[in-house]
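The values are calculated or read from the model by the stated rules, or taken from the named source; none is laboratory data. Predicted, not measured: the structure shown is a model, and the values here were computed from it. Counting neighbours? That spans all protein chains shown, and the Cβs are built from the backbone with ideal geometry, glycine included. Note: accessible area is taken over every heavy atom of the protein model, side chains too, but ligands, DNA and RNA are not part of it. Shrake-Rupley method; radii C 1.70, N 1.55, O 1.52, S 1.80 Å.
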Amino acid sequence: MPTDRATDTRPKVALVCSSGGHLFEMLCLRAFWSECQAFWVTFDTPDAASLLAGERVHHAVHPTNRNVVNMLRNAVRAVRILARERPDAVVSTGAGVAVPFIVVAKLLGIRTIYVESITRIDELSLSGRMVRPFVDEFLVQWPELARASGGRADYRGQVL
């Protein structure tokens with residue numbers, strides 16, 4: 001594999017997720033993104049620092065849950081990071097940090113994929129409901145949730 005980013009022809013993917021369980025789920029998707037040029041957007045927390053040691057990481061602002069100011073701060077970061085990195089796709093496992101990055105990616109014409117948390121069985125998360133209009137692929141990890149979504153989500157299996 002080429003190591004020079006300028007000559008690396010592999011697809012580039014932004015992996016956007018909160019730390020904790022959302023980060024763990026993204027790591028479980030390694031088979032999907034391991035052949036890509038990947039960079040991360042997550043929070044500067046001890047678990048993220050430990051799990052992503054040696055990876056390319058951009059830090060988002062937290063907390064994001066229902067925090068409009070931090071959502072706007074992350075939207076500015078999303079514009080800067082996505083314009084500079086120019087990924088082929090943005091993939092997110094949630095939560096709140098996904099919203100500004102998915103919306104900005106869609107506005108920039110970047111392919112977007114959202115994987116709803118495995119903890120969501122009967123209804124979409126707030127982040128999922130917010131990003132749904134902006135994603136190219138919306139994946140859930142329970143067939144019940146795919147049915148409950150009225151055709152707005154696809155079930156292709158579970159991450160864990």
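Some notes on this structure:
- Any hit, region 75-87, residues being modelled with pLDDT of 95 or more and part of a strand (DSSP E or B): no
- For region 82-112, residues that are among the hydrophobic types (A, V, I, L, M, F, W, C), crowded, with 23+ Cβ neighbours inside 10 Å and farther than 18 Å from A153 by Cα total 4.
- Residue within region 13-33 that is open to solvent by 60 Å² or more (accessible area, probe 1.4 Å), more than 21 Å from S117 (Cβ to Cβ) and without any contact (Cβ under 8 Å) to a residue 40 or more places away in the chain present: no
- Matching residues in region 129-157 - criterion: being in a helix (DSSP H, G or I) and acidic (D, E): E144
- Residue list for region 95-112, filter: at pLDDT 95 or above and either small (G, A, S) or under 21 Å from R30 (Cα atoms) (or both): V97, A98, F101, I102, A105, G109, I110, R111, T112
- Residues within region 118-150 that are over 22 Å from L82 (Cβ atoms) and touching an Asp or Glu at 6+ places or on another chain (Cβ under 7 Å), tallied: 11
- For first residues located in region 62-91 and among the small types (G, A, S), partners that are open to solvent by less than 20 Å² (accessible area, probe 1.4 Å) and part of a helix (DSSP H, G or I) and lie 6+ apart or on another chain with Cβ distances below 8 Å form the pairs A75/P100; A75/V104; A78/P100; A78/F101; A78/V104; A78/A105.
Matching residues to (1) under 22 Å from L15 (Cα atoms); (2) modelled with pLDDT of 95 or more; (3) of a type in the set (G, A, S); (4) open to solvent by less than 20 Å² (accessible area, probe 1.4 Å):
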{"position": "Y114", "(1), (2), (3), (4)": "yes, yes, no, yes"}
{"position": "I121", "(1), (2), (3), (4)": "no, no, no, no"}
{"position": "L126", "(1), (2), (3), (4)": "yes, no, no, no"}
{"position": "V135", "(1), (2), (3), (4)": "yes, yes, no, yes"}
{"position": "A153", "(1), (2), (3), (4)": "yes, no, yes, yes"}
{"position": "G157", "(1), (2), (3), (4)": "yes, no, yes, no"}
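- Checked against (1) at pLDDT below 95; (2) of a type outside the set (A, V, I, L, M); (3) in a strand (DSSP E or B), T64 meets all criteria but (3).
- Filter result for V41 (within 21 Å of D136 (Cβ to Cβ) and either assigned to a helix (DSSP H, G or I) or in contact (Cβ under 8 Å) with a residue 60 or more places away in the chain (or both)): yes
- Scanning region 138-160 for residues that are within 11 Å of E116 (Cα to Cα) and free of Cβ contacts under 8 Å to residues at least 60 places away in the same chain yields a total of 11.
- Condition met for L29 (hydrophobic (A, V, I, L, M, F, W, C) and under 17 Å from V97 (Cα atoms)): no
- The residue that is farthest from R86 (Cα to Cα), counting only those in region 12-38 that are more than 13 Å from the chain's Cα centre (by Cα) and in a loop (DSSP other than H, G, I, E, B), is G20.
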